[in-house]
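The values are calculated or read from the model by the stated rules, or taken from the named source; none is laboratory data. None of the values given here were measured: they were computed from a predicted structure. Note: ideal-geometry Cβ built from the backbone for every residue, glycine included; neighbour counts use all protein chains shown.
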Amino acid sequence: MNKEKLHKYALNEITDRAEIEEVVSWIESSEENQQEFNRIKNLWSYSTFANYNTYANISEDASKERRTERRIHLNAKIIKYAAVLVISFFLGGLSVFFVGKQSEASLAYNEVIVPYGESAEVILPDKTHVWLNPGSRLVYPSSFNNKTRDVRLSGEAMFEVVHSDKVPFHVCTPDLIVEVLGTTFNVEAYENDDETYVTLVDGAVNVQNNTGQVLARLNPGQRVVYGKNSGSLMLDEIEPDYYAMWKNGVYNYTNESLGEIAEKLERMYNVTIVFDDMATKKVKYTGSILKSKPIDQILDVFKYTSSVDYSIEVRNNKPNLIKIKRN
């Protein structure tokens with residue numbers, strides 16, 4: 001496989017399905033090929049590839065010595081689900097993997113798995129449009145019945161639900177259920193986070209607990225923050241479009257700590273971020289981040305606006321390591 005094609009695949013620039021399948025088949029064909037692709041993905045998260053030929057030779061000898069230890073995150077999903085993989089394709093240059101499952105009632109379900117460093121767009125059977133952030137999982141039936149439209153989410157997703165007066169749409173997270181008839185809203189419900197967020201852009205939603213009790217009814221421009229441990233519920237008035245821009249690759253932050261932002265960057269770029277002390281993690285930042293930019297450019301923004309510095313260690317057998325410290 002020529003490196004230019006692998007480079008394009010790593011950057012999600014290949015849209016032809018036959019070419020995608022060719023690259024995926026090559027990656028799956030050997031452990032060595034999986035390792036090579038992993039190395040390219042790690043380097044992509046670090047660099048704009050302006051000096052691609054130079055970067056492509058970094059640690060090549062070291063990577064050969066570690067071949068038995070390496071497994072790429074993206075194609076680990078392909079390997080894990082190879083026996084039941086239904087289809088893999090790109091939407092708008094974003095990677096999506098569908099895995100067929102059967103429920104106890106013999107109903108077919110699809111599971112969309114979005115690895116760190118990736119994003120996805122999905123059109124559900126009722127034509128509802130869903131955007132998924134890195135590290136998210138969405139489970140939905142291959143066809144909805146005439147009583148309810150239920151999906152299961154872990155992670156973050158923006159929904160544009162097709163309106164139906166008779167068939168409600170439910171987004172079930174580990175802690176909350178969001179019920180709608182037709183509207184646009186965002187749900188952030190990562191399993192390891194302490195809080196779940198529901199942000200309403202248009203329409204109306206009911207936020208329920210897992211027993212179906214309505215905790216809040218949202219109007220456009222409102223956001224619920226649910227504390228998983230405390231069970232607390234806080235209602236905020238917000239600018240919804242500001243929080244919805246991530247589906248277009250723009251992430252906005254208002255007075256958020258670098259520690260909180262780092263958790264999101266780890267998912268966005270599939271990296272590991274560590275701080276030299278707790279005080280550095282608490283440094284506040286307000287601004288926007290473009291997902292299209294390589295992570296070193298994002299870190300440069302923090303460097304010049306928040307009095308911090310950073311270093312990047314390119315690693316072949318695990319996500320790249322970023323160290324952030326005070327200047």
On the basis of being at pLDDT below 90 and surrounded by 15 or more Cβ atoms within 10 Å (Cβ to Cβ), does VAL283 make the cut? yes
Can you report the number of residues in the stretch 188-198 which are assigned to a strand (DSSP E or B) and under 18 Å from ARG267 (Cβ atoms)? 5
Checking the condition of a type outside the set (Lys, Arg), in contact with a Gly (Cβ under 7 Å, 6 or more places away or on another chain) and within 25 Å of GLU263 (Cα to Cα), which residue from GLU156, GLU188, GLU195 passes? GLU195
Extreme residue, farthest from SER232 (Cα to Cα), among residues of the stretch 175-185 that are crowded, with 19+ Cβ neighbours inside 10 Å and in contact (Cβ under 8 Å) with a residue 40 or more places away in the chain: THR184
Name, by its number, the condition in (1) closer than 30 Å to ASP202 by Cβ; (2) in contact (Cβ under 8 Å) with a residue 40 or more places away in the chain; (3) polar (S, T, N, Q) that does not hold for ASN252. (2)
Considering each residue of the stretch 136-171, count those that are of a type in the set (Gly, Ala, Ser) and either within 17 Å of GLY212 (Cβ to Cβ) or more than 15 Å from the chain's Cα centre (by Cα) (or both), and give that number. 3
Assess whether LYS247 counts as being surrounded by 14 or more Cβ atoms within 10 Å (Cβ to Cβ), in contact (Cβ under 8 Å) with a residue 60 or more places away in the chain and either touching an Asp or Glu at 6+ places or on another chain (Cβ under 8 Å) or not in a strand (DSSP E or B) (or both). yes
Name the single residue that is surrounded by the most Cβ atoms within 10 Å (Cβ to Cβ) among those in the stretch 109-135 being under 8 Å from the mean Cα position of the chain (by Cα) and assigned to a strand (DSSP E or B). VAL114
The residue from GLU188, GLU239 that alone is surrounded by fewer than 18 Cβ atoms within 10 Å (Cβ to Cβ) and charged (D, E, K, R) is GLU239
Subset of the stretch 252-280 (residues that are farther than 12 Å from ILE324 by Cβ, crowded, with 19+ Cβ neighbours inside 10 Å and in contact with a helix residue (DSSP H, G or I) (Cβ under 7 Å, 6 or more places away or on another chain)): TYR269, ASN270
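A quick yes/no check of all residues on (1) assigned to a strand (DSSP E or B); (2) surrounded by fewer than 16 Cβ atoms within 10 Å (Cβ to Cβ); (3) among the charged types (D, E, K, R):
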position	(1), (2), (3)
LYS147	no, yes, yes
PHE159	yes, no, no
HIS163	no, yes, no
LEU200	yes, no, no
Any chance the stretch 303-312 includes a residue that's outside any strand (DSSP E or B), over 22 Å from the mean Cα position of the chain (by Cα) and surrounded by 15 or more Cβ atoms within 10 Å (Cβ to Cβ)? yes
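Yes/no matrix, rows are residues, columns are (1) touching a strand residue (DSSP E or B) at 6+ places or on another chain (Cβ under 8 Å); (2) of a type in the set (A, V, I, L, M, F, W, C); (3) farther than 19 Å from SER119 by Cα:
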residue	(1), (2), (3)
ILE289	yes, yes, no
ILE295	yes, yes, no
TYR304	no, no, yes
ASP309	yes, no, yes
LYS318	yes, no, yes
ASN327	yes, no, yes
Can you tell me which residues in the stretch 221-232 are in a strand (DSSP E or B), in contact (Cβ under 8 Å) with a residue 24 or more places away in the chain and of a type outside the set (Lys, Arg)? VAL224, VAL225, TYR226, GLY227
